[in-house]
Amino acid sequence: MKLAGIHHVAYRCRDARQTVDWYTKMLGMGFVLAIAEDHVPSTHEPDPYMHVFLDAGNGNVLAFFELPTKPEMGRDENTPKWVQHIAFKVKDRDELVAYKEHLEKNGVDVLGVTDHSIFHSIYFFDPSGHRIELACPDPQEEALIKRLDAVKWDMLEEWSRTKKAPRHADWLHAKELASV
């Protein structure tokens, strides 16, 4: 058995219309479809909802639920805001910078461009408070990934034993990439 891919990823939103408008305007995503029902099909609970689906590119779908009868949505206060996020890939650094300028021009606070060595990112929040990342590959991505691939199991094993950051890939955030 092998998974064929992600069918869709779903999150909650405060307002379905606002969410569709924001993602289409800010990120250029297509509005794929909407489903609204008074009962949850899987649990049969009486709970009206609006379920919207957006085209995230390359066959990927991002979906949201608006749940008007539930308490106001929150977040896991024990998890830092930077941890849970949705990351989208963009073609290259020029496109990443163009998105940054577009978002800022439309009043969105953007953090970055952040250099992660293997890729570069910007970060911002959608109207429902979900952290969004746009990332583009580094020109040296293939060689850097190969170096990381060689140490991934050793790093995971050391982390599992010590719960301290292993040093197998300290080069990743050092500016000493000339040896790659």
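The values are calculated or read from the model by the stated rules, or taken from the named source; none is laboratory data. Because the structure is a prediction, the values reported are computed rather than measured. Here the Cβ is made from the backbone with ideal geometry for all residues, glycine too, and neighbour counts use every protein chain on show.
Can you pull out the residues in segment 91-118 that are in contact with a Leu (Cβ under 7 Å, 6 or more places away or on another chain) and either farther than 23 Å from Tyr11 by Cα or at pLDDT below 95 (or both)?
Matches in segment 91-118: Leu96, Val113, Ser117, Ile118.
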Subject >> Residue selected from segment 1-25 under the condition free of Cβ contacts under 8 Å to residues at least 40 places away in the same chain and of a type in the set (D, E, K, R), by the criterion nearest to Gly74 (Cα to Cα) >> reply: Arg17
Original post:
How many of the residues in segment 73-85 are in a loop (DSSP other than H, G, I, E, B) and either crowded, with 17+ Cβ neighbours inside 10 Å or in contact (Cβ under 8 Å) with a residue 12 or more places away in the chain (or both)?
Top reply: 5
Original post:
List, please: which pairs have Cβ atoms under 6 Å, are six or more places apart or on different chains, and start with a residue in segment 26-48 that is under 27 Å from Asn58 (Cβ atoms) and in contact (Cβ under 8 Å) with a residue 40 or more places away in the chain and end with one that is hydrophobic (A, V, I, L, M, F, W, C) and loosely packed, with under 11 Cβ neighbours inside 10 Å?
Top reply: none
Original post:
Can you tell me which of Phe124, Phe65, Phe88 is in a strand (DSSP E or B) and out of contact with any Leu (no Cβ under 9 Å at 6 or more places or on another chain)?
Top reply: Phe65
